[in-house]
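J.: I have a structure I would like to understand better, so I am pasting it below and will then ask my questions one at a time.
The values are calculated or read from the model by the stated rules, or taken from the named source; none is laboratory data. Please read all numbers here as calculations on a predicted model, not as lab measurements. All Cβ positions, even for glycine, are placed from backbone atoms using ideal geometry, and neighbour counts span all protein chains on display.
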Amino acid sequence: MVNRFENNMKTADKKLTVEAYEADHAFANPSNPKYSKTFADDAFNKAMEFIKINLK
């Protein structure tokens, strides 16, 4: 599904950045036993950077 979405965005000449984490579902939820602080912090920082740049 992700590959198809990436291809559709490329066809539409849209910029897209996809970040895939080798993690279990809900890896960013600290109450989940599969929580990954490293991945959660990285995802959060990338999301905040996107918001700062694109939602002025």
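J.: Would you call PHE44 free of Cβ contacts under 8 Å to residues at least 40 places away in the same chain, surrounded by 10 or more Cβ atoms within 10 Å (Cβ to Cβ) and more than 11 Å from the chain's Cα centre (by Cα)? Break it down stepwise before answering.
T.: Numbers: free of Cβ contacts under 8 Å to residues at least 40 places away in the same chain: yes; surrounded by 10 or more Cβ atoms within 10 Å (Cβ to Cβ): yes; more than 11 Å from the chain's Cα centre (by Cα): no.
The answer is no for PHE44.
J.: Those residues that are surrounded by 10 or more Cβ atoms within 10 Å (Cβ to Cβ) and at pLDDT 95 or above, I need them from the range 1-20; list them, please.
T.: PHE5, GLU6, ASN7, ASN8, MET9, LYS10
J.: For the range 3-27, what are the residues that are of a type in the set (A, V, I, L, M) and touching a Phe, Trp or Tyr at 6+ places or on another chain (Cβ under 7 Å)? Give the steps one after another, and end with the answer.
T.: First, pick out the residues of the range 3-27 that are of a type in the set (A, V, I, L, M): 9, 12, 16, 18, 20, 23, 26.
Once the filter is applied, which keeps residues that are of a type in the set (A, V, I, L, M) and touching a Phe, Trp or Tyr at 6+ places or on another chain (Cβ under 7 Å), the range 3-27 yields only ALA23.
J.: For the range 9-36: of the residues being part of a loop (DSSP other than H, G, I, E, B) and charged (D, E, K, R), which is farthest from ILE53 (Cα to Cα)? Talk me through it step by step, then tell me what you get.
T.: Applying the first criterion (part of a loop (DSSP other than H, G, I, E, B)) to the range 9-36 yields 12-36.
Subsequent filtering for residues that are charged (D, E, K, R) retains 13-15, 19, 22, 24, 34.
Working: ASP13: 20, LYS14: 16, LYS15: 14, GLU19: 17, GLU22: 26, ASP24: 29, LYS34: 31 Å.
My answer is LYS34.
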